[in-house]
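The values are calculated or read from the model by the stated rules, or taken from the named source; none is laboratory data. In this text, all values refer to a predicted model and were calculated from it rather than measured experimentally. Counting neighbours? That spans all protein chains shown, and the Cβs are built from the backbone with ideal geometry, glycine included.
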Amino acid sequence: MAEAKVGQPAPSFDMPSTKNLEKLNENVQLDDYKGRWLVLLFYPLDFTFVCPTELTAFSDRYEDFEGIGAAVIGISTDSVHSHRAWLKTPRDKGGVEGLRYPLASDITKAVARDYGVLIEDKGVALRGLFVIDPEGTLRYSVIHDLNVGRSADETLRVIQALQTGGLCQADWRPGQETLKVG
């Protein structure tokens, strides 16, 4: 069994997804994203309360992610059929209609387990966020309690900091100098 550790190769995955919303016949695989930064957003369940706020926040900033060479995949243990229904539900009705990136179905729970976010007795994932670099190395990992959403702004900042290759102090922002040592 793979185990996600920062600085190590990211555990591989191959999951059904909503890349083709009508046919649901296109999987997402880690290898599909070689050469790009990738954000994996694990969330507990479709049709819940905090999840749509997170997923739509990342979708609303999707051009910013693309602008720095990053893609996003949302992942839960729901089926692709549940994902499709949620994607076809308007935002004002608790849905995520118009989401600009695919949702993947970890129905076997293997990927959530590999990334250390599976709540075994509930069969759902914690709110895990993972950033994988273009070479497939896990570079950033944060796991939240079910009640607290993640920040698209902070995720963008972290990727941009990682892309500098330098030492970035607390609260570093794009355009600022990195730390000089020696």
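Looking only at region 140-163, filter to residues that are outside any loop (DSSP other than H, G, I, E, B), in contact (Cβ under 8 Å) with a residue 24 or more places away in the chain and more than 13 Å from the chain's Cα centre (by Cα); which one of those is farthest from residue 43 (Cα to Cα)? The residue in question is 163.
Only residues that are of a type in the set (Ser, Thr, Tyr) and either in contact with a Phe, Trp or Tyr (Cβ under 6 Å, 6 or more places away or on another chain) or surrounded by fewer than 18 Cβ atoms within 10 Å (Cβ to Cβ) (or both) were counted in region 54-79, giving 3. Taken residue by residue, region 123-135 has at least one member that is within 13 Å of residue 43 (Cα to Cα), at pLDDT 95 or above and β-branched (Val, Ile, Thr). In region 76-97, is there at least one residue being touching a residue at least 12 places away in the same chain (Cβ under 8 Å), closer than 17 Å to residue 38 by Cα and part of a strand (DSSP E or B)? Yes. Which residues, counting only those in region 80-120, are among the polar types (S, T, N, Q) and surrounded by 15 or more Cβ atoms within 10 Å (Cβ to Cβ)? Across region 80-120, the qualifying residues are 82, 89, 105.
In this structure, residue 173 does not qualify as closer than 30 Å to residue 20 by Cβ and of a type in the set (D, E, K, R). When you look at residue 61, is it among the basic types (Lys, Arg) and in contact with a helix residue (DSSP H, G or I) (Cβ under 8 Å, 6 or more places away or on another chain), yes or no? Against the criterion (among the basic types (Lys, Arg) and in contact with a helix residue (DSSP H, G or I) (Cβ under 8 Å, 6 or more places away or on another chain)), residue 61 qualifies. Looking across region 19-53, the residues that are buried (at least 18 other Cβ atoms within 10 Å of the Cβ) and either under 17 Å from residue 131 (Cβ atoms) or basic (Lys, Arg) (or both) come down to 19, 28, 30, 33, 37, 38, 39, 40, 41, 42, 43.
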